[in-house]
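Heads up: the structure comes next, in structure tokens.
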Amino acid sequence: MAEAEKVILTNMCMVYAGTKVLVQNRLDKNWKGLTFPGGHVEKHESFTDAVIREVKEETGLAISSPQLCGIKQWPASESERYIVLFYKTDKFEGELKSSDEGEVFWMDLEDFKKAELAKDMDKMLEIFLRDELSEFYYYHNKIDGEWKFCIK
């Protein structure tokens, strides 16, 4: 039987309106650049409630009906896995306001694709946009010792 592993659960949500997407210019020095809002799932919190809460905290918008559209994951250590649940929705209300996480604003999707994005966000975007894809997976290549990723 396989060993259990600790899992860190987080989320990210693409909020969109027509050709516009809601983006966040993250201030975190470890992962800065344009991305979508999101954050950690709290203990005993449902995944859907977590993404609704995180988007509200970081953008001021109350989203509804977020649809799970994929995941990002990687081994954080020998006994720990980090998982990001990807959601998207075009249902929201409220007034847009930035947070300590970074400035939020609307941007045309085509302009977003060409902007200074957070590391690998351009590749993660494929999971949000292509229904036939569902997973972005980082792994440690044992041959060259480098971190790689695959999209499935």
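The values are calculated or read from the model by the stated rules, or taken from the named source; none is laboratory data. Note that the coordinates shown come from a computational prediction; the quantities given were computed from them, not determined experimentally. Note that we place each Cβ from the backbone using ideal geometry, even for glycine, and neighbour counts take in every protein chain shown. Calculation scope for accessible area: heavy atoms of the full protein, side chains included, ligands and nucleic acids excluded. Shrake-Rupley method; radii C 1.70, N 1.55, O 1.52, S 1.80 Å.
If I filter the range 134-146 down to residues being at pLDDT 90 or above and closer than 16 Å to Gln73 by Cβ, which single residue comes out as most open to solvent (accessible area, probe 1.4 Å)? Within the range 134-146, the match that is most open to solvent (accessible area, probe 1.4 Å) is Tyr139. Identification of strands (runs of 3 or more DSSP E) wholly contained in the range 1-94 with 3 or more residues that are among the charged types (D, E, K, R) yields 80-89. Please enumerate the residues belonging to the range 112-133 that are open to solvent by 80 Å² or more (accessible area, probe 1.4 Å) and either among the aliphatic types (A, V, I, L, M) or in a helix (DSSP H, G or I) (or both). Those that are open to solvent by 80 Å² or more (accessible area, probe 1.4 Å) and either among the aliphatic types (A, V, I, L, M) or in a helix (DSSP H, G or I) (or both): Lys113, Lys114. Filtered by the rule that a residue be surrounded by fewer than 17 Cβ atoms within 10 Å (Cβ to Cβ), in contact with a strand residue (DSSP E or B) (Cβ under 9 Å, 6 or more places away or on another chain) and of a type outside the set (Val, Ile, Thr), the range 74-91 gives Trp74, Pro75, Ala76, Ser77, Ser79, Glu80, Arg81, Tyr82, Asp90, Lys91. Filtering the range 95-111 to residues that are in a strand (DSSP E or B) and either of a type in the set (Gly, Ala, Ser) or free of Cβ contacts under 8 Å to residues at least 24 places away in the same chain (or both) leaves Ser99, Gly102. Taken over the range 19-41, the criterion of being more than 16 Å from the chain's Cα centre (by Cα) and without any contact (Cβ under 8 Å) to a residue 60 or more places away in the chain is satisfied by Lys29 alone. Against the condition within 23 Å of Ala17 (Cβ to Cβ) and basic (Lys, Arg), how does Lys97 come out, does it pass? Yes.
Out of everything in the range 37-71 that is hydrophobic (A, V, I, L, M, F, W, C) and more than 21 Å from Glu101 (Cα to Cα), what residue ends up being most open to solvent (accessible area, probe 1.4 Å)? Ranking the qualifying residues of the range 37-71, first place goes to Leu68.
Of all residues in the range 78-92, those that are farther than 20 Å from Thr19 by Cβ and in contact (Cβ under 8 Å) with a residue 24 or more places away in the chain total 7.
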